[in-house]
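A short worksheet on the structure shown next.
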Amino acid sequence: SRLVLWDSEDGRHFERRQVLSETNFDWDDRTNRMAPWAPNSVFDPQRNRWQVFFVGYHKKLGSNQAYNMSGLIGRLESQTLGLQGISGPYVDQGWIDLSSKGDPWEGEAGLVSFYPYQVGSDWYGFYGTNTAPTFIDPLSLPQENNVQNILFLPGLARAERIDGYWQRCPELSPVLMD
């Protein structure tokens, strides 16, 4: 997979600006560069720059299945100031610093999504997780219907700065929105 930034002056003709992240095609990768996914853009008025957050996956230890991954959240930052900076170019800022130990309800999947937003001077972010076990026997799925037993739950994290340390909010998580 590949995350690519395209730009258009008229909404009909597009120009490829930059490859933001792409797979390294290494199934045994442990750097979370095997499958970038789910990008979203957020403008940070304090830094006057656009940020792009995405999930970077790696295969769970002991798994031999493509759909059994664990993720971290990557952050890219526009080098162009202001709202026009959404067109990039972007520089990789590494993985967000989220308190590493997940809560018991989160399961083994690590992070699978991240959606930050600002409230006053603080930043909050919904992070997604799921309870998929390290190994699911694909031959047992039709009989046991294991996939329907996997929970996808969001949690909430807080940071003073979008590029700072993100702390899980266990008193507000899991966020039961439905």
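What the table below lists for this structure:
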read-out	value
Distance in nm between pseudo-label sites at L81 and Q167 (7 Å out along the Cβ direction from Cα)	3.2
Cα-based equivalent ellipsoid, the stretch 12-83: semi-axes from gyration tensor eigenvalues, Å	29, 15, 9
Accessible surface, per residue, of the chain when the full set of protein chains is kept, probe 1.4 Å, Å²	56
222 nm mean residue ellipticity, helices alone, for the chain (DSSP H n ≥ 4; -39,500 (n - 2.57); rounded to 500)	-500 deg cm²/dmol
Residue (of V175, N48, Q118) at the positive-pole extreme of the chain, dipole from beta-carbon charges	N48
Carbon + sulfur, % of accessible area of the chain - ligands and nucleic acids excluded, 1.4 Å	55
Solvent-accessible surface (1.4 angstrom probe) belonging to Y124, in square angstrom, nearest 10	50
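The values are calculated or read from the model by the stated rules, or taken from the named source; none is laboratory data. Computed from a predicted model, the values in this text were never measured in an experiment. So basically every Cβ, Gly included, is an ideal-geometry build from the backbone, and we count neighbours across all protein chains shown. Ligands, DNA and RNA are excluded from the accessible area calculation, which covers all protein heavy atoms including side chains. Shrake-Rupley method; radii C 1.70, N 1.55, O 1.52, S 1.80 Å.
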